[in-house]
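To start, the structure itself, in structure tokens.
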Amino acid sequence: MHLLIMGAPGSGKGTCAVELKNHYSIPHISTGDIFRKAISDKTTTGLLAQSYIDKGQLVPDEITNQIVKERLSEKDCQKGFLLDGFPRNLEQAKALSNILNELNIKLDAAINLEIEDKIVEERIVNRRICSKCGRGYNIISLKPKIEGICDVCGGSLYQRKDDTKETIEERLHIYNNQTKPIITYYNELGILVSVNSNQTPQKVIEDIINQVNSNDNI
Ligand code: AP5
Ligand code: MG
């Protein structure tokens, strides 16, 4: 299954991706995670990406498209993948179509998580992430059993540097102006699957799987 998941910052892409990658046994490819790893490894790409991410802006297309092209060319992506956070504008969407054509891969569905801005702001400021396994938590809606500690691996939880109120406003502005138009792009390709993300994570995931499985184009 070749899938992508899109939606506003904090709409739940990462939360759903963890379950979907297990359900479909496919790799989860998050451009945000790739950049955060590059930042922590202090690579040239990481240093460059950091200057954009800290401000809530998009990393330039030529860098992002190249990273995605290289990752999708790896062998494990032939049987499927779940792209998270890419594409984020029409140029990236067109670049992805070209990459997939070259690789002879057909995208099965573009999952769109629908949610209001005011809900995502609250979700993001309360998000915590495990520094060891990357699992996401929320101090309001998805609390760890022990404060500050991951339930699964015992790693300590941290807050993302771009999860501040000011940066979230910029990220939402960019989402609404640059990313939203790709919903129409995938609707016209006939592979759009839209799901209400203002439900429990379990219900959101159930709705995604049901809709993806009933999509005639798959
Ligand atoms: P990225 O890492 O992709 O961040 P984002 O798009 O802003 O999305 P988030 O990861 O913040 O949210 P999410 O939708 O994954 O939500 P989550 O599941 O964590 O990108 C970061 C930056 O990298 C970008 O700003 C940009 O600079 C750069 N970048 C990345 N890709 C790029 C690209 N293609 N081009 C250029 N630049 C790029 O959930 C959020 C919170 O809500 C959690 O606490 C969670 O527990 C909670 N939650 C989730 N679902 C529910 C639910 N159903 N009910 C209640 N709470 C929930
Ligand atoms: Mg995410």
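The values are calculated or read from the model by the stated rules, or taken from the named source; none is laboratory data. This one's a predicted model, so the numbers in the text were calculated from it and none came from an experiment. Every residue, glycine among them, receives a Cβ derived from its backbone with ideal geometry; neighbour counts consider all protein chains shown. Side chains included, ligands, DNA and RNA excluded: accessible areas come from the protein's heavy atoms. Shrake-Rupley method; radii C 1.70, N 1.55, O 1.52, S 1.80 Å.
Residues that are free of Cβ contacts under 8 Å to residues at least 12 places away in the same chain and among the hydroxyl-bearing types (Ser, Thr, Tyr) within the range 1-46 comprise 40, 43, 44, listed in sequence order. For the range 124-173, residues that are open to solvent by 50 Å² or more (accessible area, probe 1.4 Å), acidic (Asp, Glu) and closer than 15 Å to residue 14 by Cβ total 0. Meeting the requirement of 2 or more residues that are free of Cβ contacts under 8 Å to residues at least 40 places away in the same chain, the strands (runs of 3 or more DSSP E) wholly within the range 107-218 are 127-130, 136-138. Within the range 17-35, the residues that satisfy the criterion of being within 7 Å of ligand 1 (Cβ to nearest atom) and not aromatic (Phe, Trp, Tyr) are 30, 31, 32, 33.
The test for being over 20 Å from residue 5 (Cα atoms) and within 10 Å of ligand 1 (Cβ to nearest atom) does not hold for residue 118.
Every residue in the range 137-187 that is closer than 23 Å to residue 109 by Cα and more than 10 Å from ligand 1 (Cβ to nearest atom), please.
Residues satisfying the conditions are 176, 177, 180, 181, 182, 183, 184, 185, 186, 187.
Looking at 198, 177, just one residue is in contact with a strand residue (DSSP E or B) (Cβ under 9 Å, 6 or more places away or on another chain) and either over 17 Å from residue 59 (Cβ atoms) or exposed (fewer than 14 other Cβ atoms within 10 Å of the Cβ) (or both), and that residue is 198. If you go through the range 1-48 and keep only what is open to solvent by less than 30 Å² (accessible area, probe 1.4 Å), over 16 Å from residue 108 (Cα atoms) and within 15 Å of ligand 2 (Cβ to nearest atom), you end up with 7, 8, 9, 10, 11, 12, 13, 16, 30, 31, 32, 35. Among the residues of the range 121-136, the ones that are in contact with a strand residue (DSSP E or B) (Cβ under 8 Å, 6 or more places away or on another chain), within 11 Å of ligand 1 (Cβ to nearest atom) and over 23 Å from residue 170 (Cα atoms) come to 1 in all.
Listed here are the residues, each with its yes/no results for (1) among the acidic types (Asp, Glu); (2) modelled with pLDDT of 95 or more; (3) at positive phi.
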{"position": "128", "(1), (2), (3)": "no, yes, no"}
{"position": "134", "(1), (2), (3)": "no, no, yes"}
{"position": "154", "(1), (2), (3)": "no, yes, yes"}
{"position": "174", "(1), (2), (3)": "no, yes, no"}
{"position": "185", "(1), (2), (3)": "no, yes, no"}
